[in-house]
Each structure stands twice: as C-alpha cells, then as structure tokens.
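A.B. asks: Quick one: this structure, given as structure tokens, is what I'll be asking you about.
The values are calculated or read from the model by the stated rules, or taken from the named source; none is laboratory data. Because the structure is a prediction, the values reported are computed rather than measured. Because the Cβ atoms are built from the backbone with ideal geometry, glycine has one as well, and the counts that use them run over all protein chains shown. Heads up: the accessible areas ignore ligands, DNA and RNA and are worked out on the full protein's heavy atoms, side chains in. Shrake-Rupley method; radii C 1.70, N 1.55, O 1.52, S 1.80 Å.
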Amino acid sequence: AVGRAAMGDPWLFGRIAAAMQGRPIPPEPALAERFSVLRRHIYDMCEDKGEYVAMREARTHAAWYMHGLRGAARLRRECCGMEHFTDLDRVIDLAWELQKSEK
C-alpha cells in the first residue's frame, strides 16, 4: 500500500518517518516543488534511457504527480500524449493554469 501511495509523492517516506519517530509531520510540498521534482525525475529518465523510451514511461509517472490537482483527469489525459520532454513543460504549464482558475 505504501509503494502505491508513493507514486507521484516521493515525500511520503519523509512523512512516514516523521510520524514513526514522533516528530511533526512535514507539510505537503508546494506546487512549485512538486513540479520541479517531476521535471527533474523525467529529465533524469531521459538522460538515462533516451527521450523516446523515457517519455513513454514518463506518461505514467507524470500522471501520478497530477493526483489531487484541480483538473487532474484532464491533466492525466494530457500526460498520455507526451512524446518529447517539451511536452512535459506544456502539461506543467496547463496544470499551473488549471490551479489558478476558479472551481
């Protein structure tokens, strides 16, 4: 269960460790940090595997990072179409735009 919950939320392990040690649980990361980590994650994948392979795998990873955001279903659909690293920036820009819009 923890492994699945950690998909798109690498900060989960720090929150679990804090709870188990009786320390205050850190707050959720700011949206800017969330997107920065996502971008670095996918960039590293592209460096390691090449853009073609990495971006196909990145579709799943990026979709997990969109969990809980306003317009998440639309963002996940956009993630499914990513073919190039620049497509990730387009999805992140859309995510920012959707978070600013009214409900």
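A.B. asks: Which of Leu12, Cys46, Ser36 sits farthest toward the positive end of the charge dipole of region 1-48, with +1 on the Cβ of Lys and Arg and -1 on the Cβ of Asp and Glu?
C.D. replies: Farthest towards the positive end: Leu12.
A.B. asks: Return the Rg/Rh ratio of the chain with Cα-based radii and a Kirkwood Rh.
C.D. replies: Checking Rg against Rh, the ratio lands at 1.01.
A.B. asks: How do His67, His84, His61 rank by accessible surface area computed with a 1.4 Å probe, from largest to smallest?
C.D. replies: Heavy-atom accessible area, descending, gives His67, His84, His61.
A.B. asks: Among Tyr65, Tyr52, Tyr43, whose mean-square fluctuation peaks in a Gaussian network model of the chain (Cα, cutoff 10 Å)?
C.D. replies: Comparing Tyr65, Tyr52, Tyr43 in the GNM, the peak value goes to Tyr52.
A.B. asks: Would you please give the FRET efficiency between Arg74 and Asp44, computed as 1/(1 + (r/R0)^6) with r the Cβ-Cβ distance and R0 = 30 Å, to the nearest 0.05?
C.D. replies: 0.70
A.B. asks: Next up: Using 5 Å bins from zero, what percent of all Cα-Cα pairs in region 1-47 falls into each bin?
C.D. replies: So the P(r) values, bin by bin, are 5, 20, 22, 24, 17, 8, 3, 1.
A.B. asks: Considering only protein heavy atoms and a probe of 1.4 Å, how much of the accessible area of the chain is carbon and sulfur, as a whole percent?
C.D. replies: Accessible surface attributable to carbon and sulfur in the chain totals 55 percent.
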